[in-house]
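Since the structure comes first, as structure tokens, the remarks are kept for the end.
The values are calculated or read from the model by the stated rules, or taken from the named source; none is laboratory data. Nothing here was measured: the structure is a model prediction, and the numbers come from that model. Virtual Cβ from ideal backbone geometry, glycine too; neighbours counted across all protein chains shown.
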């Protein structure tokens, strides 16, 4: 999603979302908030300056499911007439409301790849390892796939209160994705 809001994507007309667009059209889950920053404690991409020498701060890209800003390098910011933010590599996603998942669900631990295609409204991928939670029973699962309509999944997404830091990401440790088919 962050690439879609990068100055270079906007300049090349390869972005789907523009400022003011709702990423979550009819939200029923947690509202999505995304920011990009130059430095976040524990993030591998943290730096005070980008390769153009711009001092990096923090910019809110999505607030409550609505696109607020773009971000990116000095070059493409200048092309667009935007104030360059710098090429930030740390993504910050606000935590959500989920303390504990209840009911029957698939807890995905490893995927061969998650495909997220905004243009075709698709999210899915092959699950390498997961646990199926049903009542009080937990069963290891492998070799299944998940698939869904991205707009529906985003409308119903629930994010964990617990946060984690992984490489250039800090935010919810887990997300509950409903309206997905498991096959």
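Brief remarks follow.
- Residue within the range 54-75 that is surrounded by 16 or more Cβ atoms within 10 Å (Cβ to Cβ), out of contact with any strand residue (DSSP E or B) (no Cβ under 9 Å at 6 or more places or on another chain), over 23 Å from residue 165 (Cα atoms) and touching a residue at least 24 places away in the same chain (Cβ under 8 Å) present: no
- Residue ID - nearest to the chain's Cα centre (by Cα), chosen from residues in the range 5-28 that are part of a helix (DSSP H, G or I) and crowded, with 19+ Cβ neighbours inside 10 Å: 5
- Hits in the range 75-97 (condition: under 20 Å from the mean Cα position of the chain (by Cα) and assigned to a loop (DSSP other than H, G, I, E, B)): 85, 87, 88, 89, 94, 95, 96, 97
- Single condition residue 181 does not satisfy, out of (1) touching a residue at least 40 places away in the same chain (Cβ under 8 Å); (2) over 18 Å from residue 31 (Cβ atoms): (1)
- Within the range 167-183, tally of residues that are exposed (fewer than 14 other Cβ atoms within 10 Å of the Cβ) and closer than 19 Å to residue 91 by Cβ: 1
- In the range 29-48, the residue that is nearest to residue 172 (Cα to Cα) out of those that are touching a residue at least 12 places away in the same chain (Cβ under 8 Å) and surrounded by fewer than 18 Cβ atoms within 10 Å (Cβ to Cβ) is 31.
- Taking the criterion of being outside any strand (DSSP E or B), surrounded by 13 or more Cβ atoms within 10 Å (Cβ to Cβ) and at pLDDT 95 or above, the only residue of the range 98-137 that qualifies is 121.
- Considering only residues in the range 156-166 that are within 14 Å of the chain's Cα centre (by Cα) and either under 18 Å from residue 42 (Cα atoms) or at pLDDT below 95 (or both), the one that is surrounded by the fewest Cβ atoms within 10 Å (Cβ to Cβ) turns out to be 166.
- Once the range 76-86 is narrowed to residues that are touching a strand residue (DSSP E or B) at 6+ places or on another chain (Cβ under 8 Å), more than 18 Å from residue 62 (Cβ to Cβ) and modelled with pLDDT of 95 or more, the residue that is surrounded by the fewest Cβ atoms within 10 Å (Cβ to Cβ) is 76.
- Scanning the range 136-183 for residues that are on the phi > 0 side of the Ramachandran plot and touching a helix residue (DSSP H, G or I) at 6+ places or on another chain (Cβ under 9 Å) yields a total of 1.
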